[in-house]
Amino acid sequence: MKYSDNKLQQQTAKNTLQPVFSAVFVVTLFLIVTSYIYFYPELDNSIFFNGVLTDAINLLIVVAIFIIVQRANLSVFAYVNLSIGLLLWSAGLTFDLLDEVLIQPLFIGIYVEDVLRTAGMLFTCYGLKLTIGDLTSVQQQLSKELITDYLTQIANRQFFYQYMQKNQSAPYTILLIDIDFFKVINDQFGHDRGDQVLIELSSLYAKALPNNSVFARLGGEEFAIYLPGDDRPKACDLSEQLLSLAHTIELAANRTVSVSIGVSFKAPGEAFNEVVKRADQALYKAKNSGRSQYYIA
Ligand SMILES: Nc1nc2c(ncn2[C@@H]2O[C@H](COP(=O)(O)OP(=O)(O)OP(=O)(O)O)[C@@H](O)[C@H]2O)c(=O)[nH]1
């Protein structure tokens, strides 16, 4: 949320800067060309067509990059550096082009041209560095969002199934957890309180689980845990602990949240979707046997 707000502000700032930079760019190049033509005489001897052509092509390329930058969705800092860089670079290249056809003062050819071009390149490089940094952080942010549940900020279904698929070889345990009567919680205490319960439960469980486990929200009020190994007593202890933790979330006086849990252990050669299916069947039994309990498949 914060990130996109920040991007929106940057976009607005860029929208105000863009006409300024475009105007300064056009006016600068126009002034250089017109003042040159006005003040300095044409070279009386031969004009080197090749020199004019290559300088004109170089200038056109940098002008094209400037136009691309004006249309791109960049952060303000990257945009300003790139625009200043390309403006200075274009000014240097314009002097370079004009000295092929007009007699210009020596100091411009020796100093101004090169200083402008070098400063322009430096600003452009820095702007590119900032742009690449921005793209990298956007990419990291998107990759994180792709595998994170938006509400609880734990892993989502996609990540959980991908992880299971990749970790098939060794034995593991699956726990499927479903909040009991969640529809009633929503109906009686409101959808916001329902959301809050999902967040609180996720946070409590995330703190209680071992570091090598994977905890995800599969959707709605259903969660899953992947535990490496198939230690039955350990799975039972953990299930008991998860049942107790749910009861620490109070809904009203003498009324707490409860969950039901289905547990399955991977059998040799069994596909991950079969392991999940058995955990789901165990969860179904836990629900049908009165809820607030765990069942092992
Ligand atoms: N607040 C909130 N509610 C959700 C969300 N996702 C799904 N739900 C609600 O969760 C409820 C799930 O209801 P059911 O599938 O009937 O399950 P239940 O009421 O928990 O019943 P049992 O599982 O049989 O104990 C539905 O009313 C959904 O609208 C969410 O992100 N936030």
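Data overview
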item: Condition broken by Gln293, with the remaining ones in (1) on the phi < 0 side of the Ramachandran plot; (2) away from the ligand (no atom under 14 Å from the Cβ); (3) of a type in the set (S, T, N, Q) satisfied; result: (2)
item: Filter pass, Tyr284 being free of Cβ contacts under 8 Å to residues at least 24 places away in the same chain and either among the β-branched types (Val, Ile, Thr) or within 14 Å of Ile177 (Cα to Cα) (or both); result: yes
item: For Leu151: the one exception among (1) in a helix (DSSP H, G or I); (2) touching a residue at least 60 places away in the same chain (Cβ under 8 Å); (3) closer than 30 Å to Leu218 by Cβ; result: (1)
item: Any pair with Cβ under 7 angstrom, 6 or more apart, that starts in region 179-206 at a residue that is within 15 Å of Ala252 (Cα to Cα) and ends at one that is more than 8 Å from the ligand (Cβ to nearest atom) and of a type in the set (S, T, N, Q); result: none
item: Exclusive hit being closer than 18 Å to Phe160 by Cβ and either touching a Phe, Trp or Tyr at 6+ places or on another chain (Cβ under 9 Å) or surrounded by 13 or more Cβ atoms within 10 Å (Cβ to Cβ) (or both), set Asp231, Asp280, Asp195; result: Asp280
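For (1) within 22 Å of Ala23 (Cβ to Cβ); (2) touching a helix residue (DSSP H, G or I) at 6+ places or on another chain (Cβ under 8 Å); (3) outside any helix (DSSP H, G or I), each residue gets a yes or a no:
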position	(1), (2), (3)
Leu74	yes, yes, yes
Leu87	yes, yes, no
Leu130	no, yes, no
Leu135	no, no, no
Gln140	no, no, no
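Values quoted throughout were computed directly from the atomic coordinates according to the rules given, and no laboratory measurement underlies them. Bear in mind the structure is a predicted one, so any value in this text is a computation, not a measurement. So basically every Cβ, Gly included, is an ideal-geometry build from the backbone, and we count neighbours across all protein chains shown.
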